[in-house]
Protein chains: 2
Amino acid sequence: MVKKRDTAEARERLSRDAIVTGAIALADAEGLGAVTIRRLAQAHGVTPMALYWHFKDKDQLLDGIAERLFSEVQFPPADSAPWDDQLRALLLALVAALRPHPAVAGLARASVLSCEPGLAVAEHTLSLLRQAGFDADKSAEIGGFLLTAVVTLVSDEPGLAYGADAEAREDAMRVKRASLSALSPRRHPNVVASADALAACTGPEANHELGIDMLVTGIVCMAEGRVTSR
Amino acid sequence: MVKKRDTAEARERLSRDAIVTGAIALADAEGLGAVTIRRLAQAHGVTPMALYWHFKDKDQLLDGIAERLFSEVQFPPADSAPWDDQLRALLLALVAALRPHPAVAGLARASVLSCEPGLAVAEHTLSLLRQAGFDADKSAEIGGFLLTAVVTLVSDEPGLAYGADAEAREDAMRVKRASLSALSPRRHPNVVASADALAACTGPEANHELGIDMLVTGIVCMAEGRVTSR
DNA sequence: ACCTGAACACCGTTCAAGT
DNA sequence: ACCTGAACACCGTTCAAGT
């Protein structure tokens, strides 16, 4: 009779949503590599095969994670600001949604056009690019690049020490910085000069706004160039 | 006595270089997921454990792949062109080196600063950014973003049909386009309008120059803004 | 409808041993 | 120095079966 609660998880009943939530939590804690059918099942006190009733296979589970991420995007209220300000706001909203889950952010790339919440983001982005004066094809190209760039911006580089506390990450950064500083200043003068910043880039405290600004600025310049045919 | 040549591979003798070459070939043919210690060993007619003499573990093998990619970058000859033209040329050279191997291009991100050929690319990039007037920290930020953006530009999205011939890829694209075109034009007018281009983006024929131009243009505008303090 | 049990064909990696 | 053999603790997934 001491059967329920095989694990810590409360055994409500399995569902797509519960599985996805568990998967994201697991990824946050131990990285995408820890997200395994078997570990997920264990976390829910259930047999691995139980998950296969809710998802066709693991890829669909990952799709589900991406869908959840997109669904968390808080669209900025529509206003009459110029298109580039609106675009910046939209990209920042996307960053805000992905940023808390860097281990799974990369999944967003493959699934944008395969789920409703992703399509909503795509639709808004394309709409703003059309307002900027780009045609349908150009907007698609730029939009695709924008999404992948933003995703990359907030993605943890794989191979980072997971499950590691903040202290361990600090250590890794220090080691990296030291090894960069130890390079020959004759052969790599600029790497050595930027050692601190380069080592710091390997972390969640990276400056995402810089990247966004760069992207939007580039698009603005292109749009103006197109219009004035300069 | 019919012992040699367990497989097609000529059994010269194992080496780091040979293993890396085999790994890249395997990834090109069947995707990164097929790159497995065991399959690699098999391709070389050798026991899986044989690879562990040449590489500490699989991560080091992946590092070796990235190093090979960077070593194939053909640096444009130093000239007196303006820094932005030189930067564009350098990024295009990086694209040219990564483009033939989209399945493993993503490995370049984690390994830039961990191998000599990667450091060479980083050094040149930082040097040009310093010429543009950015300080050491800003150059590092921008440079890091640039690399990941370029890598993203040429990376196959995971989940693409591998081992699939060109025909199968064509099919996949057609299916994608059809499903996008079938969306409600009221809810997703811009996605529907861009359906063709969006479906085509999922392929190796993507326009990389557009992305590079966008990035460089963005940097130029930022640099000018900085200098003229506008 | 929702889940279990047993089985299959895979992984990376360690450790001791061979030559 | 370079490689093998056996073993361990994992994977995703199928298929038949239970309730």
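Looking at A:Ala29, A:Ala89, A:Ala96, A:Ala81, which is the one that is within 12 Å of the chain's Cα centre (by Cα) and away from DNA strand C (no atom under 14 Å from the Cβ)?
A:Ala96
When you scan region B:64-87, do you find a residue that is among the hydroxyl-bearing types (Ser, Thr, Tyr), under 26 Å from B:Glu12 (Cα atoms) and exposed (fewer than 15 other Cβ atoms within 10 Å of the Cβ), even just one?
First, pick out the residues of region B:64-87 that are among the hydroxyl-bearing types (Ser, Thr, Tyr): B:71, B:80.
Of the ones still in play, those that are also under 26 Å from B:Glu12 (Cα atoms) are B:71.
Checking the rest, the ones that are also exposed (fewer than 15 other Cβ atoms within 10 Å of the Cβ) come to B:71.
Checking region B:64-87: at least one residue is among the hydroxyl-bearing types (Ser, Thr, Tyr), under 26 Å from B:Glu12 (Cα atoms) and exposed (fewer than 15 other Cβ atoms within 10 Å of the Cβ).
Of the residues that sit in region A:64-74 and are more than 14 Å from every other protein chain (Cβ to nearest Cβ) and of a type in the set (A, V, I, L, M, F, W, C), which one is nearest to DNA strand D (Cβ to nearest atom)?
Top of the filtered list is A:Leu69.
Answer with yes or no whether B:Gly22 is on the phi > 0 side of the Ramachandran plot and within 16 Å of DNA strand D (Cβ to nearest atom).
Working: on the phi > 0 side of the Ramachandran plot: no; within 16 Å of DNA strand D (Cβ to nearest atom): yes.
In short, no.
Just to be sure, is A:Ala97 more than 14 Å from chain B (Cβ to nearest Cβ), in a loop (DSSP other than H, G, I, E, B) and away from DNA strand D (no atom under 15 Å from the Cβ)?
No; evaluated as a whole, the condition is false for this residue.
For region B:149-230, list the helices (runs of 4 or more DSSP H) that sit wholly inside it and hold at least 1 residues that are at pLDDT 85 or above, facing another protein chain (nearest Cβ under 10 Å) and more than 22 Å from A:Ala122 (Cα to Cα); which are they?
In region B:149-230, B:208-228 are the helices (runs of 4 or more DSSP H) which contain 1 or more residues that are at pLDDT 85 or above, facing another protein chain (nearest Cβ under 10 Å) and more than 22 Å from A:Ala122 (Cα to Cα).
Exactly one of these conditions fails for B:Gly106: (1) more than 30 Å from B:Met222 (Cβ to Cβ); (2) within 14 Å of chain A (Cβ to nearest Cβ). Give me its number.
All conditions pass for B:Gly106, except number (1).
Among the residues of region B:109-125, is any part of a helix (DSSP H, G or I), within 12 Å of chain A (Cβ to nearest Cβ) and under 14 Å from B:Val216 (Cα atoms)?
The answer is yes, given that some residue of region B:109-125 is part of a helix (DSSP H, G or I), within 12 Å of chain A (Cβ to nearest Cβ) and under 14 Å from B:Val216 (Cα atoms).
Report yes if some residue within region A:128-135 is assigned by TED's automatic domain parsing to the domain that holds A:Val151, among the acidic types (Asp, Glu) and not in a helix (DSSP H, G or I); otherwise report no. First the steps, then the outcome.
Looking only at region A:128-135, we keep the residues that are assigned by TED's automatic domain parsing to the domain that holds A:Val151, and these are A:128-135.
In the following step, the residues that additionally are among the acidic types (Asp, Glu) were identified as A:135.
Going one step further and asking which of them are not in a helix (DSSP H, G or I), we end up with A:135.
Within region A:128-135, one or more residues are assigned by TED's automatic domain parsing to the domain that holds A:Val151, among the acidic types (Asp, Glu) and not in a helix (DSSP H, G or I).
May I ask you to list the residues in region A:41-63 that are more than 15 Å from DNA strand C (Cβ to nearest atom) and either within 17 Å of A:Ala122 (Cβ to Cβ) or more than 14 Å from chain B (Cβ to nearest Cβ) (or both)?
Across region A:41-63, the qualifying residue is only A:Asp63.
The values are calculated or read from the model by the stated rules, or taken from the named source; none is laboratory data. Since the model is a prediction, treat every value here as computed from it, not as a measurement. All Cβ positions, even for glycine, are placed from backbone atoms using ideal geometry, and neighbour counts span all protein chains on display.
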